[in-house]
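Below is one structure, written out as structure tokens; comments come after it.
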Amino acid sequence: GGNSSAPDTYSALRDPFLGVPRDGDPHTFVYYDDSRKKHVVPLPPDRPIVKLEWGLYVFVPSIKALSELKEIAADAAISLEDKDDRKRKDRRAFERAFYAQKGAEIIANLGRAEKFQGFEAAAKLWKIVLEDAGPRQAGAGQAVWAAIRERHGGVLRTPHGVLVCSKKLVTEVFNNGARNYTVTGYAERMRASFGEIYLGKDDGGMTSEYRAEACPANKAIMAISREEAFECALEQTKKTLRLLVGDADEKKLEVRDIVDDVLAGLSSEWFGVPDGTYVVGGGWHWRPDQQPTCPGHFHSPSRYMFQPNPGPEAARIGERHGQAANVAVGRLLGAHGSNAKRTLGKIGNALFDAFSGDMDLLTRTLIGVMMGFLPTVDGNMRGALYEWVNNRSLWDFQIEYLGDGAEDSLEKATRILMPRLRETLLLRPVPELAWRTALVKHSLGAVEVHPGERIVVSIVSATQECLMSDEFDGDSPYFDDLYFIFGGDRSKKDHPTHACPGYEMAMGVMLGMLAGLLGSARLRPTMSPFQLAIGMRQAAGAGGQTHANAPA
């Protein structure tokens with residue numbers, strides 16, 4: 001304080017000798033003599049007692065510092081681009097070390113829980129850490145994966161299964177060159193839900209049952225190009241926003257409802273489901289006396305099938321929803337019969353032509369294909385929007401998108417939105433996990449695997465390893481690392497058996513939805529990252545400016 005020696009004075013008084021007078025300051029100095037008598041000394045009201053005329057700070061480098069001047073000069077000569085690259089690499093190295101240390105502590109705690117509480121209790125704790133939303137968003141899962149990559153060679157046996165998390169080992173399991181793994185564990189769950197299809201079968205060669213079912217289905221999916229998917233999703237998003245906002249100047253909408261409605265529209269266009277009679281559009285809320293919903297009824301069977309260790313409730317709902325979807329879609333397809341004017345859409349009609357000789361197989365295959373498409377796009381789309389709304393980057397992206405005058409909407413979305421979307425998908429991909437069952441005894445990294453063991457393939461760990469790699473460039477036009485989300489690149493000759501054929505279709509849909517949202521709507525944040533306040537942008541000639549993509 002200004003005069004801490006005086007106990008009954010204001011401690012924030014200016015220093016009486018060096019302080020600069022300010023309006024409102026007390027112009028006195030209080031002190032006590034040896035007899036504790038109080039003295040009040042008046043101070044000049046408009047000038048300090050001591051006036052600073054000039055000053056000089058002098059720095060004399062040490063001998064050691066002088067010896068480093070050459071290095072400093074060399075560093076100064078490095079280009080800004082190289083410096084930024086060095087900073088990125090240093091930051092990523094720090095992040096890898098930080099997450100690996102944090103993950104090692106979590107793994108040690110889980111090990112102690114297994115020791116003192118038992119295997120089953122520890123398995124539940126592992127599931128919470130790796131699958132529940134709270135720990136994932138807090139970075140616990142990311143830390144565990146980093147620790148397994150950095151300190152356990154990318155693979156670790158746990159009560160949750162043999163966790164495989166490095167890019168190299170994830171690729172090895174997906175490729176399955178030595179036939180060490182099988183997907184037939186999926187088939188058992190399918191049979192209890194919507195019915196078994198080729199996704200639960202191994203490839204046994206040219207005449208295998210897998211290829212007889214998979215080839216026509218994959219061909220139908222790959223017939224939807226990225227360009228076609230983009231245009232369909234762009235128009236469907238505009239249509240959905242107009243319907244949801246209506247005549248209101250602005251309306252608060254759940255992101256989930258927007259995505260559900262867009263996907264229901266695209267599914268109806270490409271698969272003929274929902275049709276409004278046997279299957280209706282909507283989310284997962286449903287009563288047994290109601291028609292099944294789309295996309296709602298296709299999420300829970302997917303989670304039940306693909307999650308390595310679904311809980312009892314997830315299994316119950318996955319089975320129940322899958323069974324209801326099978327009955328409803330079977331009736332829908334039966335109503336079409338041999339009708340030459342059937343309205344099943346591009347993919348639905350192709351599947352009908354391929355499998356109409358076996359209506360039960362057709363029903364199961366149509367549901368299975370939709371089950372692969374809808375939950376993946378839904379999860380990745382909602383995850384990206386959650387991240388962008390939560391960190392407020394959505395509005396920066398919208399300004400950049402609206403400020404670009406390019407006429408080709410797909411080219412613009414690919415250039416502006418794709419790098420951001422790619423980075424977000426690598427951070428939190430959907431699905432995060434897949435699983436296989438070991439067929440034979442073999443070594444996976446440093447772990448000896450035994451027949452029957454569950455192999456948990458961490459897609460999210462592989463993509464996060466890409467994201468934290470020194471070679472990762474957020475603006476790179478190459479997106480090969482996204483293929484981990486799809487189980488591999490099906491366009492390659494030696495692709496994994498179950499690599500998803502819908503990569504181009506899914507990327508087109510997500511870019512189209514983002515372009516439709518950012519290009520045709522006024523967006524404001526609300527109190528929740530799961531909700532947006534949305535108004536439609538004014539069309540040209542209607543009293544306001546518009547973007548080229550705004551709806552008329």
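Report, to the nearest 10°, how far helix 312-336 tilts away from the longest principal axis of the Cα atoms in the chain, using its own Cα long axis and a range of 0 to 90°.
So the inclination is approximately 50 degrees.
Ignoring ligands, DNA and RNA, what percent of the accessible area of the range 34-137 is carbon or sulfur (1.4 Å)?
Ligands and nucleic acids excluded, carbon and sulfur reach 59 percent.
Which whole-number percent is the relative contact order of the range 154-244 (Cα, under 8 Å, 6+ apart)?
Working: 52 pairs, mean separation 11.4, N = 91.
Contact order relative to length: 13 percent.
Please give the charge dipole size of the range 31-158, origin at the Cα centre, charges +1 on K and R Cβ atoms and -1 on D and E Cβ atoms. Round to the nearest 20 debye.
Dipole about the Cα centre, nearest 20: 380 debye.
From Cα pairs below 8 angstrom and at least 6 apart in sequence, can you work out the relative contact order of the chain, rounded to a whole percent?
Once normalised by length, the contact order is 17 percent.
Search the structure for amide H atoms under 5 Å from the amide H of G154, placed 1.01 Å from N in the peptide plane, and list their residues when 5 or more places away or on another chain.
Result for G154 returns R149.
Residue by residue through the range 429-437, which ³J(HN,Hα) values in whole Hz follow from phi under the Karplus form 6.51 cos²θ - 1.76 cosθ + 1.60 (θ = phi - 60°), with glycine and proline marked x?
Once rounded to whole Hz, the list reads x, 10, x, 7, 10, 9, 8, 9, 10.
Can you give the calculated 222 nm mean residue ellipticity of the chain, where each DSSP H run of n ≥ 4 adds -39,500 (n - 2.57) and the sum is split over every residue, rounded to the nearest 500 deg cm²/dmol?
On the way: 20 runs with 284 residues, N = 552.
Value at 222 nm, helices only, nearest 500: -16500 deg cm²/dmol.
Relative to the longest principal axis of the C-alpha atoms of the chain, give the angle of the C-alpha long axis of helix 226-245, reported between 0 and 90° and rounded to the nearest 10°.
Relative to the chain, helix 226-245 is tipped by roughly 70 degrees.
Out of the range 413-521, which trypsin sites (Lys or Arg not before Pro) are coil in DSSP terms and have no more than 13 other C-beta atoms within 10 Å?
Here the sparse-neighbourhood loop sites are K441, K492, K493.
Please give the per residue accessible area of the range 124-279, computed with a probe of 1.4 Å over protein heavy atoms only, in Å². Can you show the working numbers first?
Details: 6500 Å² over 156 residues.
Roughly 42 Å² per residue, with all protein chains present.
By average Cβ neighbour count within 10 Å, what is the ranking of 389-401, 509-521, 113-125 from highest down?
So the order, starting with the most tightly packed, is 509-521, 389-401, 113-125.
In degrees, nearest 10, range 0 to 90: what is the angle between the Cα axis of helix 255-271 and the longest Cα principal axis of the chain?
30 degrees
Quick one, which of (i) 18, 47, 24, 9, 1, 0; (ii) 22, 54, 22, 1; (iii) 18, 43, 22, 12, 5, 0 is the actual P(r) over Cα pairs in 20 Å bins from 0, in percent calculated for this model?
(iii)
With a 1.4 Å probe and all protein chains left in place, how much of the accessible area of the range 315-463 comes from carbon and sulfur atoms, in whole percent?
49 percent
The values are calculated or read from the model by the stated rules, or taken from the named source; none is laboratory data. What you see is a predicted model, and the numbers here were worked out from it, not measured in a lab. Every residue, glycine among them, receives a Cβ derived from its backbone with ideal geometry; neighbour counts consider all protein chains shown. For the accessible areas, the whole protein counts, side chains as well, though only heavy atoms, and no ligand, DNA or RNA atoms are used. Shrake-Rupley method; radii C 1.70, N 1.55, O 1.52, S 1.80 Å.
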